[in-house]
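What follows is a short report on a single structure.
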Amino acid sequence: MNIVVDTHTHTIASGHAYSTLQEMAIGAAENNIEMFAMTDHGPAMKGAPFLYHFGNLRVIPEVINNVRVVKGAEANIIDYSGALDIPDGYLKRLDFAVASFHDICIIPSSIDEHTNALINVLKNPYIDAIAHPGNPVFQVDIPKVVSAAKEYNKFIEINNHSFVVRPGSEKNCMEFAKECKKQEVKVVCGSDAHISYHVGKFDKIYELFEKINMPEKLIMNTSVSNFLEYFRFKKEELQKK
């Protein structure tokens, strides 16, 4: 298995990351990444960009330094009905959007409320994946969340950075991966890089997938063509609405 796409990265625009988009593309190429998603934080995160940052992503070329650039965002979940800090009008312009909990944007609550929020987020036609759902600060009912991802044709992210910065995530990430394997739900792999050197860093994810013998057919990040096909599918589905 070889992961060549990174679906979760941050540029200096996020406010607490340290590389420009061009530097991230250089880092991606150096780490043998063929495509990466620029998923800067939504505006509820202190220091994050205003909404027009996401509205102007069309000026970014599709390829930088021979690496394909996916124009995306990491929307913050801001209440337990599943509301996000990036309106649908902006989300629908993006190639790829993930959504996640951060305790500086929403106060942690109960397992039931966390689970309900993620299920409602997965219903949003403009959200493609739940990011770092293994964070135990926002514990969820893992089978229910994976089942919702399957129902709405969305992805569960396995986040390499969580193993380092979100204590206790390793067990939950393992359970999410096992449940995705059981229910045959596709996963995406995000480095959550906040500096160019970390784009495409998936050491913890490789270890996890090896432990559970994760089927490669469920891992979206092993080819650019997987995502190009998904983008076509997404466009067709949205045109039906």
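Working from label points 7 Å from Cα in the Cα-to-Cβ sense, the E207 to D79 distance is 4.1 nm. Available extension along the chain between E30 and N65 is 11.6 nm, counting 0.36 nm per residue and deducting the alpha carbon span.
Note on region 23-64 and region 227-241: Cα centroid distance 21 Å, given to the nearest whole angstrom. Calculated FRET efficiency, K182 to Y52, Cβ-Cβ distance, R0 = 41 Å: about 0.45 to the nearest 0.05. Dipole size in debye (nearest 20) for the chain around its Cα centre, Lys and Arg Cβ +1, Asp and Glu Cβ -1? The calculated dipole for the chain is roughly 500 debye. Among N221, G89, I107, whose Cα sits farthest toward the positive end of the charge dipole of region 6-240 (+1 at Cβ of Lys/Arg, -1 at Cβ of Asp/Glu, about the Cα centre)? Of the candidates, G89 comes out farthest on the positive side.
Note on region 1-86: along the principal axes its Cα atoms extend 38, 30, 22 Å, ordered by decreasing extent.
Scoring 21-31, 176-186 by mean Cβ neighbours within 10 Å over their residues and listing the highest first yields 21-31, 176-186. Projecting the Cα atoms of I205, V185, F231 onto the dipole axis of the chain, where Lys and Arg carry +1 and Asp and Glu carry -1 at the beta carbon, places F231 farthest toward the positive end. Taking only DSSP H segments of four or more residues, each worth -39500 (n - 2.57), what value at 222 nm results for the chain once the sum is divided by all its residues, to the nearest 500 deg cm²/dmol? Dividing the helical sum by the residues of the chain leaves -10500 deg cm²/dmol. Packing, as the average of other Cβ atoms within 10 Å across residues, places the peptides 58-67, 3-12, 89-98 in the order 3-12, 89-98, 58-67, highest first. Beyond 28 Å in Cα-Cα separation lie the following of the pairs K144/K234; K71/K123; K171/K240; K211/K234; K71/K217; K201/K240: K171/K240; K211/K234; K201/K240.
No lab work stands behind these numbers, since they all come straight from the coordinates. Only a predicted model underlies this, so the values are computations on that prediction, with no experimental measurement involved. Quick reminder, even Gly has a Cβ in these numbers, built from the backbone with ideal geometry, and neighbours come from all protein chains shown.
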